[in-house]
1. Within the range 152-175, which residues are more than 19 Å from G240 (Cβ to Cβ) and either at pLDDT below 95 or within 16 Å of the ligand (Cβ to nearest atom) (or both)?
2. Condition first: more than 11 Å from the ligand (Cβ to nearest atom) and either modelled with pLDDT under 95 or in a strand (DSSP E or B) (or both). Now tell me which residues in the range 176-193 satisfy that.
3. Identify all residues within the range 9-52 that are near the ligand (Cβ under 6 Å from one of its atoms) and under 20 Å from T76 (Cα atoms); write none if there are none.
4. Among the residues of the range 194-214, which ones are within 11 Å of the ligand (Cβ to nearest atom) and under 12 Å from V238 (Cα atoms)?
5. Could you list, in sequence order, all residues of the range 157-170 that are among the hydrophobic types (A, V, I, L, M, F, W, C) and more than 14 Å from the chain's Cα centre (by Cα)?
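The values are calculated or read from the model by the stated rules, or taken from the named source; none is laboratory data. Fair warning: this is a prediction, and the values are worked out from it, not measured in the lab. Cβ atoms come from the backbone with ideal geometry, glycine included; neighbour counts cover every protein chain shown.
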Amino acid sequence: MTGGGRGIGAATAMLAAERGYAVCVNYKKNQAAAEAVVAAIRAAGGNALGVAADIALEPDVVRLFETVDARLGPLTALVNNAGILERQTRVEHIDAARIDRVFGTNVRGAFMCAREAVRRMSTTHGAAGGAIVNVSSRAAQLGAPGEYVDYAASKAALDALTIGLAREVAGEGIRVNGVRAGIIYTEIHADGGEPGRVDRLGPTLPMQRGGAAIEVARAILWLLSDEASYSTGTFIDVAGGR
Ligand code: NAP
């Protein structure tokens, strides 16, 4: 679980533990938040481990997966959830360094984590298979004009990873799917400079409210589960009809 310390990742980590997964709660820098998730899982009788690693950095990704091998056993599932966005602005104000940061986590990081997962889960490597869920956004299709087109483009790239990798490893026991979240109550909107964004936009949505992280988590867990055994390269929109 990349980015499991807060928001959608935290809700997904806790639900996964409830469903019997031993969960690696990866985070970048907010150790307190990640340790709180780990403590909550352990208090409920589950198995969890917090690991600090910046998924944009290749040595960190390699160390993250080696830690999971050593501490939690064979990998069966990956949720590529860690993602970032920066302050709302127009394309004409986005510099190259920002594009590198956003794509570094949202695209490069997800690719490297998927690579490590395939090496551990593919039947061609003698493993038993597994499932990957990439946490994307409706922004991939809507473009996020005036807010963060760079972020939207990174999520469109992530969706292409979902489609391509799904077909690449479909015969090797690995399913790869995506969840495109809508406007969900988490702290990510503060990073965009508008902490109240969900309250502002919620009433304008077909369902007339923002979503909760647990509602995204349930879709992720379904796609990871055997209930979704014949689904790969596909997406669930969890976006209140948006
Ligand atoms: P969030 O509350 O800001 O949490 C992000 C999590 O990702 C944190 O645990 C953070 O770690 C971690 N993270 C960020 N960069 C990382 C990196 N380079 N390496 C490792 N961990 C990293 O975000 P969220 O709203 O839950 O978003 C989760 C995913 O859902 C993202 O991919 C986001 O794009 C997607 N999404 C969210 C919404 C929404 O409305 N909230 C909508 C569509 C899609 P620290 O705690 O250490 O900072």
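1. Filtering the range 152-175 for residues more than 19 Å from G240 (Cβ to Cβ) gives 153-154, 156-175.
A153, S154, A156, A157, L158, D159, A160, L161, T162, listed by residue number.
2. V176, N177
3. From the range 9-52, those near the ligand (Cβ under 6 Å from one of its atoms) are 9, 26-30, 33; that's our starting set.
Matches in the range 9-52: G9, N26, Y27.
4. Of the range 194-214, the ones within 11 Å of the ligand (Cβ to nearest atom) are 197-198, 201-202, 210-213.
G210, G211, A212, A213, listed by residue number.
5. Taking the range 157-170 and keeping what is among the hydrophobic types (A, V, I, L, M, F, W, C), we get 157-158, 160-161, 163, 165-166, 169-170.
Across the range 157-170, the qualifying residues are A160, I163, L165, A166, V169, A170.
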